Protein chains: 2
Amino acid sequence: MYRTHNCGELRISNVGQSVTLSGWVQRLRRMGGMTFVDLRDRYGITQLVFNEEMNAELCNQANKIGREFVIQATGNVSERYSKNDKIPTGDIEIIVETLNILNPSDVPPFTIEDNTDGGDDLRMKYRYLDLRRNNVRANIELRHKFCLAVRRYLDSLDFLEIETPVLVGSTPEGARDFIVPSRMNPGRFYALPQSPQTLKQLLMVAGMDRYFQIVKCFRDEDLRADRQPEFTQIDCEMSYVEQDDIINTFEGLTKYLFKEVRNHDLGDAPFLRLSWHEAMRRFGSDKPDMRFGMEFVELMETLKGTGDFTVFNDAVYIGGICAEGCAEYTRKQIDELTNFVKSQQVGAKGLVYARVQEDGSVKSSVDKFYSPEVLNRLKETMGAKKGDLILILSGDDANKTRRQLCELRLLMGDRLGLRDKNKFALLWVVDFPMFEYSEEENRFMAMHHPFTSPKPSDIEKLETSPAEVLADAYDMVCNGVEVGGGSIRIHDAELQAKIFKVLGFTPEKAQEQFGFLMNAFKYGAPPHGGLAYGLDRFVSLFAGLDSIRDCIAFPKNNSGRDVMLDAPSFVDQKQLDELHLNLLPIEQK
Amino acid sequence: MYRTHNCGELRISNVGQSVTLSGWVQRLRRMGGMTFVDLRDRYGITQLVFNEEMNAELCNQANKIGREFVIQATGNVSERYSKNDKIPTGDIEIIVETLNILNPSDVPPFTIEDNTDGGDDLRMKYRYLDLRRNNVRANIELRHKFCLAVRRYLDSLDFLEIETPVLVGSTPEGARDFIVPSRMNPGRFYALPQSPQTLKQLLMVAGMDRYFQIVKCFRDEDLRADRQPEFTQIDCEMSYVEQDDIINTFEGLTKYLFKEVRNHDLGDAPFLRLSWHEAMRRFGSDKPDMRFGMEFVELMETLKGTGDFTVFNDAVYIGGICAEGCAEYTRKQIDELTNFVKSQQVGAKGLVYARVQEDGSVKSSVDKFYSPEVLNRLKETMGAKKGDLILILSGDDANKTRRQLCELRLLMGDRLGLRDKNKFALLWVVDFPMFEYSEEENRFMAMHHPFTSPKPSDIEKLETSPAEVLADAYDMVCNGVEVGGGSIRIHDAELQAKIFKVLGFTPEKAQEQFGFLMNAFKYGAPPHGGLAYGLDRFVSLFAGLDSIRDCIAFPKNNSGRDVMLDAPSFVDQKQLDELHLNLLPIEQK
């Protein structure tokens, strides 16, 4: 037996017991004739003591141990002379009698401490050492607890967790699929699912009534900062439901998770609901961060045509936010904001500001174009007080400009410390437009996905004015992050065919790609709808992480590589031959 | 709101309530002026009643409904005149007041009944209809309960469920990998994991201590009768353990699952343990079905050189089983057995039998070669009684012959009704050989996998006589099915290198393929070991299924095809171009 206890469980009540512990050497200190070893495992740290006077040979052996050695020690639990109240085992120590080195360790390439000296690349290459750090391990433990709580709650509501296949067919609508050549079916390919969307709908047709699955999904996209080629969804679907049924069910789940896993009470009130249009108008985002105000104020009436500033006079949209107490911003600080909004990431043409001075007067970067009366009206429209800074963007595309102003609002929220990671603001964004027009593809694209139901009252507009059609779609947003999203689905084969037509599919193409679903709808498909949470993001939010990577045991980097495993890698020609594949010459970039 | 109750919950206590139900039409019967509809959902069946006298129009509407239509009905719960005690809702019926057809249905291609008229191919093509059948749905529900119970139990023992990546690197040792071309890393391929073996070992190096995962695994093998290209494992690993720790832990889990999910008490006694050699000697299998005896009796002393039968005189192994009460088998029945053992599937050269007759004398197919004394000694050695049939195989390879005799034993077990699906016989097979010699590859292969630890006492034999080395490996067997298997792993880089050498890897090749693991072992790898259950098989066993397919929502057929989704399928050349791949001409078979 390697151990009688783990390194986190011994207390003062165990004093006098003979115990055996195994673990990693966190730290070794020599003081006088004593050697102290902090022995670590997943559960905690226990201090081992070696006394040169009592057993010189053993102490000598201990002094040769290095950091991260795996050792086994047997000895007596003893009360400490100087207690450590920072750790639960701090009242006791083990007076070691026998020591066994189970495995030595090379010096690790970075320190195994909360604040490590290891850079991101090194940590990822030696992820198995990185995971030994308390804070990284805590994220993995949190993820485990989170998933278990999800399953417990949904099971209590009669949801069945049902596994859907990973080797499916390719569906060109949406992002790019990863494809998998089939040796048994030469020339044919499986695809890895971007989500089990159509499969969960088939489960509803199958009468499963309430389905969920915590499931890996795959997208072969160019990876932006915080995306992974494989990610995990909490995928859910219900039959015989309307939008409110789904919203109520998953508000319940979310409140439960916050309470059980994060020990945070979201209260009894239902979450706020904002329509997509209102969210865009007030916050310039379909996932507004509601931890703070700083709402947009539209300034068309105030600033368009009321002075000689042609930029505003030509604008389709002018909007401002009021940054409380920032009137004292220096020239340099304002320049930083201007550079931020003009950066490629945001893309605005420029920034107009106005300071509300101590005497109540307004001093602005466009003073020369506007009368003091107009500037005073600006102050009043904005609801700005003495000491506030008004920041204004304009443009010829209202929603594009709003999105730019949103970026500025979030930046100011950060600067003013309004985005506290321990505060959680949840809401539903509802009434999404059904379609958005893609200039690139020269056609309408589904804003959620092609199986989303239009609002029944808008069905008649499908052929005449698709841009105006709203969908029974909803996103759950927390702190500016879309944690979940879903919709009521179409359960009628004819309506589904109409939608495919708006999306530019010929009936043949629709049949080829989604025939299996449309055919299924002919055999008694129930009304249904659902939702999927992004697990990685949701857990990151609970853990207060900036990146989803640290709640994933073995994440990939921005090139989709696992640098620890060195994957993807080259394969033998023999393997390709069996698949009837040939690799074409690749241009060196 | 689509429903106030589901179709399985109304009882006599609900009489008088106004309710709304939604579901599928299972059956419609007209009797006199009444129309009865059995409305079905996942939870049960409730009878709806339409009365022509009370509401002719409504009744007329009901009469137009077909099987599998999706309808919504509102009405009053009423006590039935003639109750149906076969269903929990059989005391009541709904006197319908309003009826709403939510979705019509074409006539389904097979009946949605426990005993359907649909053949296997049709059921798979319309799997979403097949899943509506009670018995198929029950398997999916059982699987859900099973997984939840696994998670609950392992969580209570401090196991963490940790997701490992699906896109990993290719490891040529073992079965064939599915590979996935990477667009972002042209010319390189991910592989889908055959199991998370190396990753879970890295999690142990990472100090996670106790890991599990219910996880999809992938093997691109030619599919035998009951294999799937993607299958699910309950994958587990523990640190600081010896074989007994693992066996005790998972015996606990298994007993819990049988009790909680199958309502079957396996008792307090530990499972039987057989060494691999003993299992082979007594049952000719490393997964013996212990629901019945019929153990092998070795007959070398009795029959080799004691008569003129050259087949036996040349044999390396002669063994027999005793089929109780089968002495009366007809010539035709014996011929069937002979054909069975001579079939390609079994591969024996022939079958010798001996009947123990009513007078105690023995009548055998080799009478002319042996004296009555020898035949009498055969009877005694076999422990055969009057009326028993002795069946004997021989061959020049002991274990090969034993495997053939095992097939015969299982067949006789079936014929004698000794393989009751409601009886469960569990055991551990332990002390597996470390290696088996592959004539095909002309080298030793790992019997479990190359990370399995040899028994410490056998390490010295690694270089001199690898065939004799036993492993710290164990399989859990139930009713002749291997439900789980695992081993203590090597945690020492040097020992791991030695094993790779026996397996014929050059140090360079070992480093190339498993360098990430051997390097990890240099940084304090703890002693560890684990086990993986085959979820599909385990659930099938609980459900009493002959095939694992029916506990999988969307299984693939023997060619690895999903006939419902029509996957795998052809992809656009554009997709291949992006991956720098070319498809070679494929010979038509």
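The values are calculated or read from the model by the stated rules, or taken from the named source; none is laboratory data. Everything numeric in this text was worked out from a predicted model, so none of it was measured. Virtual Cβ from ideal backbone geometry, glycine too; neighbours counted across all protein chains shown. These area figures cover heavy atoms from the full protein model, side chains too; ligands, DNA and RNA do not enter into them. Shrake-Rupley method; radii C 1.70, N 1.55, O 1.52, S 1.80 Å.
Computed quantities for the displayed model
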{"item": "Filter result for A:ASP536 (out of contact with any Leu (no Cβ under 6 Å at 6 or more places or on another chain) and either touching a residue at least 12 places away in the same chain (Cβ under 8 Å) or open to solvent by less than 30 Å² (accessible area, probe 1.4 Å) (or both))", "result": "yes"}
{"item": "Residue that is most open to solvent (accessible area, probe 1.4 Å), among those in segment A:203-238 that are within 7 Å of chain B (Cβ to nearest Cβ) and in a strand (DSSP E or B)", "result": "A:LYS216"}
{"item": "Test: residue in segment B:178-199 that is more than 10 Å from every other protein chain (Cβ to nearest Cβ) and not in a loop (DSSP other than H, G, I, E, B)", "result": "yes"}
{"item": "Some residue of segment B:5-17 being part of a strand (DSSP E or B) and in contact (Cβ under 8 Å) with a residue 12 or more places away in the chain", "result": "no"}
{"item": "Within segment B:325-360, tally of residues that are assigned to a loop (DSSP other than H, G, I, E, B), under 22 Å from B:GLU373 (Cα atoms) and open to solvent by 30 Å² or more (accessible area, probe 1.4 Å)", "result": "3"}
{"item": "Number of positions in segment A:146-165 that are within 8 Å of chain B (Cβ to nearest Cβ), open to solvent by 20 Å² or more (accessible area, probe 1.4 Å) and among the aliphatic types (A, V, I, L, M)", "result": "1"}
{"item": "Check on B:PHE250, open to solvent by less than 20 Å² (accessible area, probe 1.4 Å), more than 14 Å from chain A (Cβ to nearest Cβ), of a type outside the set (Ser, Thr, Tyr) and not in a helix (DSSP H, G or I)", "result": "no"}
{"item": "Filtered residue count, segment B:43-66, keeping only those that are in contact with a helix residue (DSSP H, G or I) (Cβ under 7 Å, 6 or more places away or on another chain) and open to solvent by 60 Å² or more (accessible area, probe 1.4 Å)", "result": "1"}
{"item": "Residue match in segment A:513-527 (condition: modelled with pLDDT under 95, in contact with a Pro (Cβ under 8 Å, 6 or more places away or on another chain) and not in a helix (DSSP H, G or I))", "result": "no"}
{"item": "Pick from segment A:102-119, criterion in a loop (DSSP other than H, G, I, E, B) and open to solvent by less than 20 Å² (accessible area, probe 1.4 Å), ranking: farthest from A:ASP41 (Cα to Cα)", "result": "A:GLY118"}
{"item": "Where B:PHE500 falls short, out of the listed (1) out of contact with any Asp or Glu (no Cβ under 9 Å at 6 or more places or on another chain); (2) within 30 Å of A:GLN197 (Cα to Cα); (3) among the aromatic types (Phe, Trp, Tyr)", "result": "(2)"}
{"item": "Cβ-Cβ under 8 Å pairs, at least 6 apart or on other chains, segment B:283-300 side polar (S, T, N, Q), far side open to solvent by 40 Å² or more (accessible area, probe 1.4 Å)", "result": "B:SER285/B:ARG403"}
{"item": "Search result, residues across segment B:377-386 that are exposed (fewer than 15 other Cβ atoms within 10 Å of the Cβ) and not charged (D, E, K, R)", "result": "B:GLY383"}
{"item": "Considering residues of segment A:545-554 that are open to solvent by 30 Å² or more (accessible area, probe 1.4 Å) and either in a loop (DSSP other than H, G, I, E, B) or within 7 Å of chain B (Cβ to nearest Cβ) (or both) only, the residue nearest to B:ASP222 (Cα to Cα)", "result": "A:SER547"}
{"item": "Matching option when the condition is open to solvent by 30 Å² or more (accessible area, probe 1.4 Å), more than 14 Å from chain A (Cβ to nearest Cβ) and among the acidic types (Asp, Glu), among B:GLU512, B:GLU482", "result": "B:GLU482"}
{"item": "Qualifying positions in segment B:555-589 - open to solvent by less than 20 Å² (accessible area, probe 1.4 Å), part of a loop (DSSP other than H, G, I, E, B) and within 24 Å of A:LYS509 (Cα to Cα)", "result": "B:MET564, B:PRO568, B:LEU579"}
{"item": "Residue within segment A:377-384 that is in a loop (DSSP other than H, G, I, E, B) and closer than 11 Å to A:CYS322 by Cβ present", "result": "yes"}
{"item": "Condition met for A:ASN139 (among the polar types (S, T, N, Q) and closer than 30 Å to A:HIS264 by Cβ)", "result": "yes"}
{"item": "Only listed residue being over 30 Å from B:ASP546 (Cβ atoms), exposed (fewer than 15 other Cβ atoms within 10 Å of the Cβ) and touching a helix residue (DSSP H, G or I) at 6+ places or on another chain (Cβ under 8 Å), chosen from B:PRO466, B:PRO507, B:PRO526", "result": "B:PRO507"}
{"item": "Any chance B:LEU99 is within 19 Å of A:TYR240 (Cα to Cα), more than 10 Å from every other protein chain (Cβ to nearest Cβ), modelled with pLDDT of 95 or more and open to solvent by less than 40 Å² (accessible area, probe 1.4 Å)", "result": "yes"}
